[in-house]
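All remarks here apply to the structure that follows.
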Amino acid sequence: MWSRPARWVAFLGIIGLAFGLIAEPIATAQSGQAPTYTSLRAFNIPNGYIRHGGGWARLDDIYPHSPEWARADATWAVVPGLAGNCVSLESRNFKRHYLRHQNGRLRLDGFQDSRGFREDATFCQVSGLADPNAVSLRSFQFGNAFLRHAGGQVYLADNDNSPLFRADATFRTSSPLISGVFYNSLLDRGADPTMVRHNNVYYLLQGDQYNGNDLVIRKSGSVEGLRDAPPIVLWRHPQCPAIACTEVWAPELQRIRNQWWIFFTGASDNGNGRSHRMFALRGRTDDPSGPYDYLGEQRLPDGQWAIDGVWFEKDGQGYYAWSGWDRDYGNANEVQHLYVARMHDPMTPAGPRVKISSPTQRWETRPNHANVLLNEGPQPIIGPQNQLFMTFSANASWTDDYCIGLLTLNGSPTEPAAWSKSGDCVFHGQDSTIAPGHNGFIQVNGRWWITYHARQYPGTGWMGRSVRLQPLSFNGAGQPIFGTAVSAHQPVPLP
C-alpha cells in the first residue's frame with residue numbers, strides 16, 4: 001500500500017504572501033511537523049474559492065460565515081507532487097483524496113497507486129498568468145495546460161493566452177478557511193493505539209503486521225504530524241522459532257514510577273496461535289523514544305495464554321490487567337477473560353490472578369466464524385472523583401461487531417464482585433467509524449482524550465483499521481461519557 005511522502009509542503013512567508021511569488025521551489029517542513037494548509041481564491045472573482053463537492057472541483061463563493069463543511073471543502077494541504085518535483089493538492093476533510101484531472105475536468109479522487117493517477121494529480125506552480133504575485137498551476141504531463149475555472153467548474157485547458165484565460169487560470173493563496181481542527185484518522189493503517197504526550201511532544205507506539213512485528217514509535221509536536229512522522233524502531237523481533245518472534249500485538253507505552261515501560265504481546269512460531277504471552281521493555285532515559293532494555297516475558301500468575309497487558313495503580317498499589325484464558329483449551333473453542341493481579345513491580349506478581357470479566361452478555365457474544373468469545377484490551381482510567389473505570393473490547397476484532405464496554409470499580413481491584421459491567425457498548429460507531437475498539441487514553445492540558453481504532457469501510461477486517469483520537473468527557477457523577485466515534489469527515493478541535 002502506498003505511503004505518502006514523509007514531508008508536507010510549507011508555503012513561503014507569512015499569511016497572505018503569494019503562492020509562487022518567487023522562483024525558488026516551495027520549501028518543505030521537517031517530517032512530523034504539523035501540516036500547512038491553504039485555500040485558493042480566484043484572481044477575478046473576489047470570494048470564489050476552489051472547493052470539492054460531489055466528487056468534482058468547482059468554484060463557489062465562500063465567506064467567513066459560510067458553513068463549516070463548505071469552508072473545509074475549500075481548504076487544501078499542498079504536499080510534494082505525487083509524480084515529481086511539483087505539488088499535489090490533498091483535501092483537508094477527505095484524507096488521501098487528491099485533486100486530479102480526468103478528461104479535462106478536475107475532480108477529487110481517493111489515491112490510486114498508479115502512474116496515471118500520480119501524474120493526473122500533480123501540478124507545477126508558475127507565476128500567475130494574470131499577476132506575477134499570484135500563482136497558476138500547470139499540468140505535470142501537459143506543458144501548456146493549466147488549471148482554470150469557467151462557469152463555476154474547474155478544468156484543465158490549454159493556454160490560449162487570452163486575457164480571460166490568464167485571469168481564469170490565476171489564483172491567490174489565503175490562510176485556510178478552516179483551521180484549529182484535525183480530521184481522523186491519525187494513522188491510515190494501524191490498531192490498538194497507545195499514545196502519550198511528554199514535554200509537549202506526542203508519541204504513538206505501534207506493533208503488529210503493519211510494522212513487520214517490530215515495535216515502532218512515531219513522534220511529533222502535533223497530533224496530525226504523527227501521520228507522516230518516520231517510524232523509529234525500538235525493538236526488533238527475533239527470527240522464528242523463538243519466543244515473541246511473531247504476532248507482536250498491542251504494545252502499551254506507560255510512565256511507571258518515573259520510568260518508561262512498554263508491554264507487548266508476542267507469540268512463538270508454533271502455528272497454532274496458542275503461545276501468546278506478555279513481554280516487557282524498560283526505558284533507560286526520560287525519552288519515550290528510547291533506548292529500552294528488553295526484560296523478556298512477564299511471568300504472570302498461572303502462566304497461561306495472555307495478551308493486551310496494562311499497568312495501573314489504585315491507592316498507591318500497583319496492579320496489572322490483561323486478557324487471557326482459564327487454561328490451554330487444546331483444540332476446543334477459546335474464551336478470553338479479563339484478569340487482574342496485584343504486583344510488586346511490573347515484572348513481579350504479588351498475588352494470584354483474579355478474573356474480573358467474562359463475555360456473557362448478548363452484546364458481547366456476537367457470533368463469529370472462529371466461534372470464540374472475547375473480552376480483551378483492558379484500559380484503566382481514573383475519573384475526576386478518583387473512581388477507577390476500565391474500558392475493554394468485546395466480540396471478535398476482525399468483525400464489524402467489535403465494540404467497547406465499561407467496567408466500574410467499587411472496592412478492591414482484586415475482588416471480582418467489586419467490578420460492575422455496562423449493559424451495552426458504551427462507545428458507538430457510525431458510517432466511516434465502524435467497530436471502534438481497543439482504545440487507550442491520553443491526557444492533554446488536563447483534558448482526557450480517547451484513542452482507538454476503527455474501520456472506514458465495513459467488512460474490511462484487520463487490514464481496514466486506522467488510528468483515531470477524540471475528546472472524552474465526564475458527567476456530574478464523574479462517570480466517563482464516550483458518545484459516538486466521530487466521522488472521518490467531521491472536524492475535531494485540536495488538543
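The values are calculated or read from the model by the stated rules, or taken from the named source; none is laboratory data. All values reported here derive from a predicted model rather than from experimental measurement. With ideal geometry, Cβ positions are generated from the backbone for all residues, glycine too; neighbour counts draw on all protein chains shown. SASA here: full protein model, heavy atoms, side chains in, ligands and nucleic acids out. Shrake-Rupley method; radii C 1.70, N 1.55, O 1.52, S 1.80 Å.
Going through region 158-192 one residue at a time, which ones are assigned to a loop (DSSP other than H, G, I, E, B) and among the β-branched types (V, I, T)? Please lay out each step first, then the result.
Step one: list which residues in region 158-192 are assigned to a loop (DSSP other than H, G, I, E, B), which gives 159-162, 169-170, 175-180, 183-186, 188-192.
Across region 158-192, the qualifying residues are T170, I178.
Of all the listed residues (G143, G116), the sole one being among the small types (G, A, S), farther than 27 Å from I178 by Cα and part of a loop (DSSP other than H, G, I, E, B) is G143. Which is on the phi < 0 side of the Ramachandran plot, open to solvent by 10 Å² or more (accessible area, probe 1.4 Å) and touching a His at 6+ places or on another chain (Cβ under 9 Å), of W235, W249, W261? Going through W235, W249, W261 in turn, just one is on the phi < 0 side of the Ramachandran plot, open to solvent by 10 Å² or more (accessible area, probe 1.4 Å) and touching a His at 6+ places or on another chain (Cβ under 9 Å): W249.
Applying the set (1) in contact with a His (Cβ under 8 Å, 6 or more places away or on another chain); (2) without any contact (Cβ under 8 Å) to a residue 40 or more places away in the chain to I481 leaves exactly one unmet item: (1).
Looking at region 411-437, which of its residues are under 15 Å from the mean Cα position of the chain (by Cα), open to solvent by 10 Å² or more (accessible area, probe 1.4 Å) and either modelled with pLDDT of 95 or more or of a type in the set (K, R) (or both)? Don't jump to the end; show me each part of the working.
Keep residues of region 411-437 that are under 15 Å from the mean Cα position of the chain (by Cα), which gives 432-437.
Restricting the remaining residues to those that are open to solvent by 10 Å² or more (accessible area, probe 1.4 Å) gives 432, 434.
Within region 411-437, just I434 meets the criteria.
Yes or no, residue by residue, for (1) open to solvent by 20 Å² or more (accessible area, probe 1.4 Å); (2) modelled with pLDDT under 95:
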{"site": "F171", "(1), (2)": "no, no"}
{"site": "S174", "(1), (2)": "yes, yes"}
{"site": "D188", "(1), (2)": "yes, yes"}
{"site": "T194", "(1), (2)": "no, no"}
{"site": "H198", "(1), (2)": "yes, no"}
{"site": "V201", "(1), (2)": "yes, no"}
{"site": "R218", "(1), (2)": "yes, no"}
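Remark: pairs (first residue in region 394-408, within 14 Å of A454 (Cβ to Cβ) and of a type in the set (D, E); second residue open to solvent by less than 10 Å² (accessible area, probe 1.4 Å) and in a loop (DSSP other than H, G, I, E, B); Cβ separation under 6 Å; 6+ apart in sequence or on different chains) = D401/N395.
Residue pairs whose Cβ atoms lie under 6 Å apart, separated by 6 or more positions or on different chains, with the first residue in region 451-471 and under 16 Å from N439 (Cα atoms) and the second acidic (D, E), are S466/D188.
Kindly indicate whether R71 is touching a helix residue (DSSP H, G or I) at 6+ places or on another chain (Cβ under 9 Å), among the charged types (D, E, K, R) and either open to solvent by 10 Å² or more (accessible area, probe 1.4 Å) or closer than 27 Å to D228 by Cα (or both). So R71 fails the test. Per the listing P241, P288, the residue uniquely part of a loop (DSSP other than H, G, I, E, B), open to solvent by 30 Å² or more (accessible area, probe 1.4 Å), on the phi < 0 side of the Ramachandran plot and of a type outside the set (S, T, N, Q) is P241.
From the list P346, P288, which residue is closer than 25 Å to Y203 by Cβ, at pLDDT 95 or above and touching a His at 6+ places or on another chain (Cβ under 6 Å)? Before the answer, list the steps.
Working: P346 fails: touching a His at 6+ places or on another chain (Cβ under 6 Å).
The match here is P288.
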